[in-house]
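All remarks here apply to the structure that follows.
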Amino acid sequence: MRAAAPLLVLGLLVGCSLPGEPAADSAIVRGEWAFTGTQTAPQATLTGSLTIQTQTGDLITGSAGWDERDGFGVVRSAGGPVSGRVIGEQDVDFDIESDGVTRRHVGRIRADTMDGSWVQFGDGRTGSFRAVRARR
């Protein structure tokens, strides 16, 4: 019985994630991403970056920053903190807090690319986004 105790402890540890490590069934999204997108109305294009600084299990935090270019060529900078989660190997759901409003992003992960849609709470602005992992 005494010899079985270390095997039991090892068996319990194998299924556990270390603190600060992504969950085994979650895609790893930590790192730098080139961020682009569109806003439907009023029309605008978004160009910037997304940084996922921490990933603990399925939970992620980071920051984003982008320039918004409207239909007249006027550019406005925006961005802020990111928080959300990775859902399995294929989906991501995160919020960006910018200028006192929240933009919810929901997307699909394929290899080194996230594609999806976003909606801004409060005024209902919507759009699409793409984030491509920066090459190391």
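The values are calculated or read from the model by the stated rules, or taken from the named source; none is laboratory data. Quick caveat, the model's predicted, so the values are computed rather than measured. So basically every Cβ, Gly included, is an ideal-geometry build from the backbone, and we count neighbours across all protein chains shown. Just the protein is used for accessible areas: all its heavy atoms, side chains included, with ligands, DNA and RNA removed. Shrake-Rupley method; radii C 1.70, N 1.55, O 1.52, S 1.80 Å.
When the residues of the range 102-126 are filtered to those that are of a type in the set (Lys, Arg) and closer than 18 Å to residue 68 by Cα, which remaining residue is nearest to the chain's Cα centre (by Cα)? Result: 104.
Scanning the range 33-47 for residues that are in contact with an Asp or Glu (Cβ under 8 Å, 6 or more places away or on another chain) and either assigned to a loop (DSSP other than H, G, I, E, B) or open to solvent by less than 30 Å² (accessible area, probe 1.4 Å) (or both) turns up 39, 42, 43, 44, 46.
Hey, residue 51 hits all of (1) in contact (Cβ under 8 Å) with a residue 60 or more places away in the chain; (2) touching a Ser or Thr at 6+ places or on another chain (Cβ under 8 Å); (3) part of a strand (DSSP E or B) but one; which does it fall short on? Result: residue 51 fails condition (1) only. Of the residues 92, 106, 132, 75, which is under 22 Å from residue 25 (Cβ atoms) and open to solvent by 20 Å² or more (accessible area, probe 1.4 Å)? Just one listed residue meets the conditions, 106. So for the range 66-77 (the condition being under 18 Å from residue 116 (Cβ atoms) and among the small types (Gly, Ala, Ser)), does at least one residue qualify? No, the range 66-77 contains no residue that is under 18 Å from residue 116 (Cβ atoms) and among the small types (Gly, Ala, Ser).
Scanning the range 75-93 for residues that are touching a residue at least 40 places away in the same chain (Cβ under 8 Å) and in contact with a Gly (Cβ under 8 Å, 6 or more places away or on another chain) gives a single hit, 92.
Candidates are the residues of the range 60-72 that are open to solvent by 20 Å² or more (accessible area, probe 1.4 Å) and closer than 28 Å to residue 28 by Cα; the one that is farthest from the chain's Cα centre (by Cα) is 67.
Contact map, the range 112-124: residues that are over 14 Å from residue 92 (Cα atoms) and among the small types (Gly, Ala, Ser) paired with residues that are open to solvent by 50 Å² or more (accessible area, probe 1.4 Å) and assigned to a loop (DSSP other than H, G, I, E, B), Cβ distance under 9 Å, separation 6+ or inter-chain. Pairs shown: 122/100.
Which of the residues spanning the range 54-71 are hydroxyl-bearing (Ser, Thr, Tyr) and in contact (Cβ under 8 Å) with a residue 24 or more places away in the chain? Quick ask: steps written out before the conclusion?
If we filter the range 54-71 for residues that are hydroxyl-bearing (Ser, Thr, Tyr), which is where we start, we get 54, 56, 61, 63.
Those that are hydroxyl-bearing (Ser, Thr, Tyr) and in contact (Cβ under 8 Å) with a residue 24 or more places away in the chain: 54, 56.
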